[in-house]
Every structure is written in structure tokens, then in C-alpha cells.
Amino acid sequence: MQKDTLALHEGYNSKDGFGTMSVPIYQTTAYDFGTGEVAADRFALRALGQIYSRLTNPTTDVLEARLAALEGGEAALAVASGQAAIFYSVANLAQAGENIIVAKKVYGGSTTLLTHTIKRFGIEARVFDSDNADDLEALIDDKTRAIFFETLSNPQIAIPNLDKIVSIAQKYKIITIADNTVATPVLFNPIARGVDVVVHSASKYINGQGSAIGGIIVARKGLNDYIKGNSRYAHFNEPDESYHGLVYTDVPLPIFTLRIRIALLRDIGATLSPFNAWVLIQGLETLTLRVKKHSENALKIAQWLEKHPKVKSVNYPGLKSASTYEKAQKYFLNGEASGLLSFDVGDFEYAKKILNSTEIFKVVVNIGDSKSIITHPASTTHSQLSETELNASGVPAGLIRLSVGLEDSNDLIKDLEKALG
Ligand SMILES: *Cc1c(COP(=O)(O)O)cnc(C)c1O
């Protein structure tokens, strides 16, 4: 089935929900096992079924099934936020004394999480240039546990040299984690090009209306075999004392998401609420349509900005002039490039003035909303980064980022025309 169909139907049979067309919200904490034997079987993974909503929930199951299908993965796990999805994916692979390799151009929250916060857990992050990945191989050693990058980075709007990253990772049998939030499963499926794990902030395009926070982790088919006997991932191959000696690689289920669910989510508990799962399911229904319009609007605005005398440069992978144009053509559906663009006006104060002068574009630190958004990363999302880190992550002081919404593109252009003065 095609994505439009999967987004509407996968994972839900109305017969299971009293015939309701809308997926029911199972707003429950726990489940009646009926008998002690059933309870014991579920805990021992001899029978699959609901245990407690920190681990699984029937509404959340539907969201997970849909995203696994849309990404072409084997299994998905929904969590409370994109940040939780990234943390769990990394914590599932690395422990104190080991390292991960992280792209330089990623979301500010990912930079702080991966290079600062988890450093205090003893996991070292080594930073690589994902634009070409020429420095990647030299950073790998026998303690490397994951390579993390974004498929269309926020806010730099860079596209990685994905094929090269994947081939290097496979050479060393390291798991790759791609954040596909901005490209969305509509434009790109990292798994189809060899990526092992895909994460999303579902708070953005998947939700589409800026109404709920959520995160998703999707694992590819065949990842069990990649992990089995792989010395980098001994903890999947050896008994887990916290789960009565379970050896994950002996379990005939997708073990990447399974281990996060029954060990990390069990213990750390950043679970998505059933209500937010339902909100995200509503958003998913129109994702394919929305992404198309976001891409069309963004391209028109990028073309207009490119001709504006006060704009130093425009970064949108749909523009022929963009350094990322070839990669967008190569990787993304019809070369479409989603709704994120940035432009540099060369000056911190002028950028702030523009920010304060738009009417339709709202000053909001979010992306992927149906409503258009304008931000100035240097004074907001990236303000916790040092000057050096700012430049290293490709966010100059005069950079303005737009998340182009679904309004009429002419109205949006008029709004920017007035603000640029
Ligand atoms: C927003 C965002 C995140 C974090 O997601 P939350 O749902 O806000 O926790 C991670 N990666 C990217 C690319 C994002 O845009």
C-alpha cells in the first residue's frame, strides 16, 4: 500500500473498536490480565499483550504501527518527546566509557543532549562533518556505539552525505541513527537507504498543528541479525540481570525497540500519553498532503528571497543555487524539500527587527506547524551554545529561520516584504 493509505488505515481495524472510525483513546493506566497465568506469560514475553501504560497502550500501538509502516521499518516505539526518542536510542547502545559520533549540524537540543548531558553519564560524543563525512572514519574506534545525524538538519537545512555515512557504519558494524523530523517519512525513508534506526520529533510535521509533543523510534528489519554476535553490542547478547537474565538476541521480536520498551522505558518512563498518541494519529492522516504544500510554499518563498537585495544568502535545498540541491534531488521524493528554509541578513540586530515586524509569521520556537513561524536561532534555540559552537553548527548571528506553513504563499511573501523594509 502507498503512504497515503497507510497513514489512514495501518494498525487499526474498526471491528476492534466498536466500529468507531476514529481510533479510540484508551485512556487507561493498566489492564485486567484475567488470570495470574496470563500476567506471568506477558511479563515473561511468552505472550504479547498490554501490561501497563508506561510500556504499551492500544492507542499508542496504532501510532507505532503507522509510523513503522510509513518509514518501512519493522517496529516502532512512541515516546513522550523527540528528545526522549534520541536519548533512548543512544542509551540503548552506549554506556559509560564508550562513544558515539554525532553530526555537527543537528538540532540545538540534540547537540546539548548528546555532547553535554550524556557526557555526564560517561558517554563521549565525537563530532563529525556530515555534509561530506570525510572525517567520519577516523573518529571510529572499538568503543564507538552509534552514529547520529539528521536527514535534513534543523536549523542549518543541511543534507548529509548519507550513502557514505551508511557505508562506513556498515564496514565497522556500527548502528546508524537518523533524525528524520524535517524530511518526514513522506519525502524520505532513511531505512530504504541502509539506515538502522530512525527517530522523529512527532511534535513537528507529524502532528502538524503544534498541538502535542511526542517522539518516535523506528528500527529496520534485520537489525536483530546485525546485533547478534556483534561485539559492540554485548549487552544485547548477554543476560540482562534487570530482566531475569533475558538475552535479547534470543528473543524472536525486534530487539532494538523491545529493549528500550522493557528496560529503558520501564525504568526512565518518558512515555507518550494515549491522548497525545491520538492527537498525533489525527495529524498523521494528512501528513502526505501537508508536506507537499509546505514544500511548494517554501520553494516559492525561497525563490523570492533569493532575489531580495537585503538578503545575503538563502538556504533551501529546493533552490538550484543551493549546495544541497543535488542531494535533495538524489534522496527526496521529487526533490521536494519540506517547509524549512533559512536566510542570512548578515546582522544580529536587523534579524531581530525583521522578526518583530512580521504579522502572519509568528515568533515561535517550533517547526512543522500549519501556521508559519519565524525564528532567530542565535537569540533563542541556539542561545545556550557558545560563540564557537554557534559557528561550528552553522548558525551565524544574522540567520533567520522560517518554517513555512500552509497559508497562501502570496500572503506570506507580502508579510516578509513588509518586514524586510
Ligand atoms: C524539535 C526537534 C527535536 C526535539 O523534539 P521534541 O519533540 O521537541 O522533544 C529533535 N530533533 C529535531 C530535528 C527537532 O526539530
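Each value in this text was obtained by applying a stated rule to the coordinates, not by laboratory testing. This structure is a prediction, so every number in the text was calculated from the model and none was measured. FYI the Cβ positions are ideal-geometry reconstructions off the backbone, even for glycines, and counts take in every protein chain you see.
Which order do peptides 220-227, 191-198 fall in by mean Cβ count within 10 Å, highest first? Spell out each step's value before the answer.
Details: 220-227: 17.8, 191-198: 22.4.
Output ranking for 220-227, 191-198: 191-198, 220-227.
Do any trypsin sites (Lys or Arg not before Pro) in segment 1-103 lie in a DSSP loop with no more than 10 other beta carbon atoms within 10 Å, and if so, which? Intermediate values should be presented prior to the final figure.
Numbers: sites: K3, K15, R42, R46, R54, R66; in loops: R46, R54.
Those satisfying the criteria are R46.
Go ahead and set up a Gaussian network model of the chain, Cα springs under 10 Å, then flag whichever of T380, T117, T388 fluctuates most.
Looking only at T380, T117, T388, the biggest GNM fluctuation is shown by T388.
Please report the base-10 log of the normalised intensity I(q)/I(0) for the chain, using a Debye sum with one equal scatterer per alpha carbon and no solvent, at each q in 0.09, 0.10, 0.11, 0.14 (1/Å).
Values, matching the q order: -0.55, -0.67, -0.81, -1.27.
By the scheme Lys and Arg +1, Asp and Glu -1, what is the net charge of all other residues having a beta-carbon under 9 Å from that of I373? Write down the numbers at each step before the final one.
Working: positive: K362, K371, R401; negative: D369.
Cβ neighbours under 9 Å give a net charge of +2.
If you average 1/r across every pair of different Cα atoms in segment 288-420 and take the reciprocal, what Kirkwood value do you get, in Å?
On the way: mean 1/r = 0.0672 Å⁻¹.
For segment 288-420, inverting the mean 1/r across all distinct Cα pairs yields 14.9 Å.
Sort E150, E296 so the one with the fewest other Cβ atoms within 10 Å of its own Cβ comes first. Don't jump to the answer; show the numbers that get you there.
Details: E150 25, E296 16.
Ascending number of Cβ neighbours within 10 Å: E296, E150.
Rank these for me by crowding, Y350, Y12, going from fewest to most other beta carbons within 10 Å.
Values: Y350 16, Y12 22.
So the ranking, lowest neighbour count to highest, is Y350, Y12.
Among V106, S409, P155, flag the residue with its Cα farthest along the positive direction of the charge dipole of the chain, charges on Cβ as +1 for Lys/Arg and -1 for Asp/Glu.
Going by the Cα projections, it comes out as S409.
Net charge within 12 Å of F343 by Cβ-Cβ distance, Lys/Arg positive one each and Asp/Glu negative one each, not counting F343 itself?
Summing Lys and Arg as +1 and Asp and Glu as -1 gives +2.
List the trypsin sites (Lys or Arg not before Pro) within segment 264-310 that DSSP assigns to loop and that have no more than 14 neighbouring Cβ atoms inside 10 Å.
Details: sites: R266, R290, K292, K293, K300, K307, K310; in loops: K307, K310.
Those that pass, being in a loop and sparsely packed, are K307, K310.
Going Cα to Cα from K293, which lysines come in below 17 Å? Please leave out same-chain ones fewer than 8 positions away.
Within the straight-line limit of under 17 Å, K293 reaches these lysines: K3, K204, K371.
Provide the packing ranking of 119-125, 258-264, 154-160, i.e. peptides ordered by the mean count of other C-beta atoms within 10 Å per residue, highest first.
The packing order, highest mean first, is 154-160, 258-264, 119-125.
Projecting each Cα onto the charge dipole of the chain (Lys/Arg +1, Asp/Glu -1 at the beta carbon, about the Cα centre), which of V186, G49, T115 comes out farthest on the positive side?
Toward the positive end, the furthest listed residue is V186.
For the residue pair S383 and Q2, what label-to-label distance in nm results when each label sits 7 Å from Cα along the Cα-to-beta-carbon direction?
4.5
Could you tell me what % of all Cα pairs in segment 241-338 have separations over 16 Å? Walk me through the intermediate numbers first.
Numbers: 3424 of 4753 pairs.
Looking at segment 241-338, the distances longer than 16 Å represent 72 percent of pairs.
Using Cα positions and a limit of under 22 Å, work out the lysines in reach of K173, with same-chain residues fewer than 8 apart set aside.
Within reach: K104, K143, K164, K221, K228.
Taking the Cα centre as origin and putting +1 on Lys and Arg beta-carbons and -1 on Asp and Glu beta-carbons, what dipole magnitude results for segment 18-282, to the nearest 20 debye?
Numbers: 23 positive and 26 negative charges, 53 e Å.
That gives a dipole near 260 debye.
Kindly put H9, H376, H116 in sequence by how many other C-beta atoms sit within 10 Å of each C-beta, fewest to most. Please list the in-between numbers first.
Numbers: H9 15, H376 25, H116 12.
The fewest-first ordering by Cβ neighbours comes to H116, H9, H376.
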